[in-house]
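The values are calculated or read from the model by the stated rules, or taken from the named source; none is laboratory data. For clarity, every value in this text was computed on a predicted model and none was experimentally measured. Backbone-built Cβ (ideal geometry, glycine too); neighbour counts: all protein chains shown.
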Amino acid sequence: MSGEQLKDKVAIVTGGASGIGLGIARLFTRERSRVALVDLSEERGAAAAKAIADKGGEVIFIRADVTSSAQVAQGVKEIVQRLGPPDILVNNAAIRIIGKVTDITEGEWDRVIDTDLKGLFLFSKECIPLMAARGGGVIVNISSGSAYGRPERAAYCAAKAGVIGLTRAMSLDHRNERIRVNCVVPAFTLSGMTEDSPPEVLAAQAKKSVAGRVATPEDVAAAALFLCSDAAVTITGAVLEMSSP
């Protein structure tokens, strides 16, 4: 059933062509938001936007590399021209490279930090002044349970821990501009990073879950929707953990 919790709100979702980002974009359009789906992949992004539009959602696709300040600035400019200034920003774009500090290269470290953390910084830097000029807005940053440490994920853990710290800093810096900044920390979620997991891994993760099953992108989308809705109008600086560390 469609609702109207985000009626006429302009939302930007980075990494929106698949996984958690796509789940958020789908739900937000069902709630009557006008969504700008941002992704690096032209093929997947265009296909995702078409699939949402075919079901009646108001969506545009913007191809942009979240690690490029020039592409982020141009992307936000195009969004404003086509949909209007953003009311909501969901910083979801992320990559993960497996390896310990002693295993990964400097280039691999930089790729993860730039995508998962710098991308959040760049999009927020562009959107916050636009939100402030409109009297407020909402930013939701997607972290991960890996923020609390996981083996063989040094760069990813560092980046996702940074997402939590940056969320709290931004919530303090921009509360007087009526910009709420919160963070969702998903549990193990069946998405692009995990969909090839062996059945025994999925079974073990399901057993850990309070729901008795592996989380889906739709579960994370529901948490993001709550934080963007009027039901959370007094909430900022929150870290919504969808599982225990």
Exercise for the section: Scan region 186-193 and give yes if some residue there is crowded, with 17+ Cβ neighbours inside 10 Å, under 19 Å from the mean Cα position of the chain (by Cα) and modelled with pLDDT of 95 or more, otherwise no. Expected result: no
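Conditions tested, residue by residue: (1) under 25 Å from S144 (Cα atoms); (2) not charged (D, E, K, R).
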| position | (1), (2) |
| --- | --- |
| E4 | no, no |
| G21 | yes, yes |
| G56 | no, yes |
| I60 | no, yes |
| T67 | yes, yes |
| P85 | no, yes |
Practice task
Give the number of residues within region 74-119 that are without any contact (Cβ under 8 Å) to a residue 60 or more places away in the chain, part of a helix (DSSP H, G or I) and not β-branched (V, I, T).
Solution key: 16
Problem - Selection within region 164-185 - surrounded by fewer than 23 Cβ atoms within 10 Å (Cβ to Cβ), in contact (Cβ under 8 Å) with a residue 12 or more places away in the chain and over 12 Å from M131 (Cα atoms) - result: I164, L166, R168, S171, L172
Handout entry: Single unsatisfied condition, V66 versus (1) among the β-branched types (V, I, T); (2) out of contact with any strand residue (DSSP E or B) (no Cβ under 6 Å at 6 or more places or on another chain); (3) in a loop (DSSP other than H, G, I, E, B)
Key = (2)
Problem - Filter result for G107 (within 26 Å of D219 (Cα to Cα) and either of a type outside the set (D, E, K, R) or surrounded by 19 or more Cβ atoms within 10 Å (Cβ to Cβ) (or both)) - result: no
Fill in the blank from the handout: In region 24-61, residues that are outside any helix (DSSP H, G or I), under 15 Å from the mean Cα position of the chain (by Cα) and not charged (D, E, K, R) total 5
Handout entry: Failed criterion for A11 (all others in (1) touching a Cys at 6+ places or on another chain (Cβ under 8 Å); (2) in a helix (DSSP H, G or I) hold)
Key = (2)
Problem - Meets criteria (surrounded by fewer than 24 Cβ atoms within 10 Å (Cβ to Cβ), touching a helix residue (DSSP H, G or I) at 6+ places or on another chain (Cβ under 6 Å) and at pLDDT below 95) for S2 - result: yes
Completion exercise
Counting only residues that are at pLDDT below 95 and at positive phi, region 216-245 contains a total of 0
Exercise for the section: Determine which member of the set V101, V112 is surrounded by fewer than 18 Cβ atoms within 10 Å (Cβ to Cβ) and modelled with pLDDT of 95 or more. Expected result: V101
Fill in the blank from the handout: Filtering region 84-104 down to residues that are more than 24 Å from S171 (Cα to Cα) and in contact with a strand residue (DSSP E or B) (Cβ under 9 Å, 6 or more places away or on another chain) yields R96, I97, I98, G99, K100
